[in-house]
Every structure is written in C-alpha cells, then in structure tokens.
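The values are calculated or read from the model by the stated rules, or taken from the named source; none is laboratory data. Just so it is clear, the structure is predicted and the values come from calculations on it, not from any experiment. Using ideal geometry, Cβ is built from the backbone for each residue, glycine included, and neighbour counts are taken over all protein chains shown.
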Amino acid sequence: MRIVIDTNLLVSGVISAGLPRKLVDAAKAGEFELCTSEVLLAEFLDVIARGKFAARLAQAGLTPSAVVQDLRALAVVFSPTTVAHVVLTDPDDDHVLAAALTGAADLIASGDKRDLLPLGSYQGIPIVTAKEALERIAAND
C-alpha cells in the first residue's frame, strides 16, 4: 500500500504523540510505502524549521534538516511533471494531490479539514484522516 501523508500530519507525527505519530511509525515499520515529492519535502522543512517546532526538535537532539533527511530516506520521492489546480483555497495542497497521482498512491492521509478532507478523493485516491489511514493499513495486513 502506498500513502502520501500531508505536511500537517507529518509535522504532528514528528513532534507529538497520537495518531499521526502512529502513522509515521507504521511507515518506519514498513507497514506501507510512504510517497512524497521534492515540493512536499521542501514544504515540510519550511514548517518544521519554524521556531515553535525547532525548539522541540532541539530538545530531542534533532535538527530540521536531519528530520527531512530521515524522511527522504524513508519515502519514495516522486517528481510530478504536472500539478493540476484543484484546491482553489490552498494551491499548496495541489502538490499533495500531484504526488499521490504520480506515485500511484492508494491513500492520501491528511488532517486538513478545510481543503483536502472535504474532497473525499482525487482521481479515485481516497483522502482520509490519520485514524482512517491506520484502519485501512490494519485491514490490509
């Protein structure tokens, strides 16, 4: 199973406990193949390097760039050639959809209740919460 995890869930999965962390741990355990793109990795670095997150990473002895390198090593990184304009309220989310389409993902996991989750799916790829993604991963075993 291939899954694209939106930046908001990845950040939560790295800096705190809870369902997003379980999703990241499942990727680390090889329970599914994590898919992403260079654009999404750059967005993740931009977010995780913000002061409020960098301080928490420093307490854990981590740097934002080290976290991104670990993520890059864990994931299959795709380079979408086309990015359709689908999410009019947040064009950055179009890159999540493009990565999922290019990577032939089975799921997109997101915590974005305003833009991505309301879509329900994109080109046949379900867009689900972390909880739903974990349930689907467990059912796939």
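Details
- You will find that of A66, A55, A105, the residue that is closer than 28 Å to A17 by Cβ, modelled with pLDDT of 95 or more and either over 12 Å from the mean Cα position of the chain (by Cα) or not β-branched (V, I, T) (or both) is A105 and no other.
- Total residues in the stretch 117-140, condition more than 14 Å from F32 (Cβ to Cβ), at pLDDT below 95 and of a type in the set (S, T, N, Q): 2
- Lone unmet requirement of (1) within 15 Å of I5 (Cα to Cα); (2) at pLDDT 90 or above for D93: (2)
- Sole residue being surrounded by fewer than 17 Cβ atoms within 10 Å (Cβ to Cβ) and closer than 16 Å to V4 by Cα, chosen from E38, E43: E38
- Residue match in the stretch 96-103 (condition: touching a Leu at 6+ places or on another chain (Cβ under 6 Å), surrounded by 14 or more Cβ atoms within 10 Å (Cβ to Cβ), in contact (Cβ under 8 Å) with a residue 60 or more places away in the chain and not hydrophobic (A, V, I, L, M, F, W, C)): no
- Residue tally, condition crowded, with 20+ Cβ neighbours inside 10 Å and touching an Asp or Glu at 6+ places or on another chain (Cβ under 8 Å), over the stretch 116-141: 3
- Subset of the stretch 69-86 [surrounded by fewer than 16 Cβ atoms within 10 Å (Cβ to Cβ) and either within 14 Å of the chain's Cα centre (by Cα) or modelled with pLDDT of 90 or more (or both)]: Q69, D70, R72, A73, L74, V76
- Tally, over the stretch 3-55, of residues that are polar (S, T, N, Q) and within 26 Å of G124 (Cβ to Cβ): 4
- Filtered residues of the stretch 19-30 (kept if out of contact with any Ser or Thr (no Cβ under 7 Å at 6 or more places or on another chain) and over 12 Å from L74 (Cα atoms)): L19, R21, K22, L23
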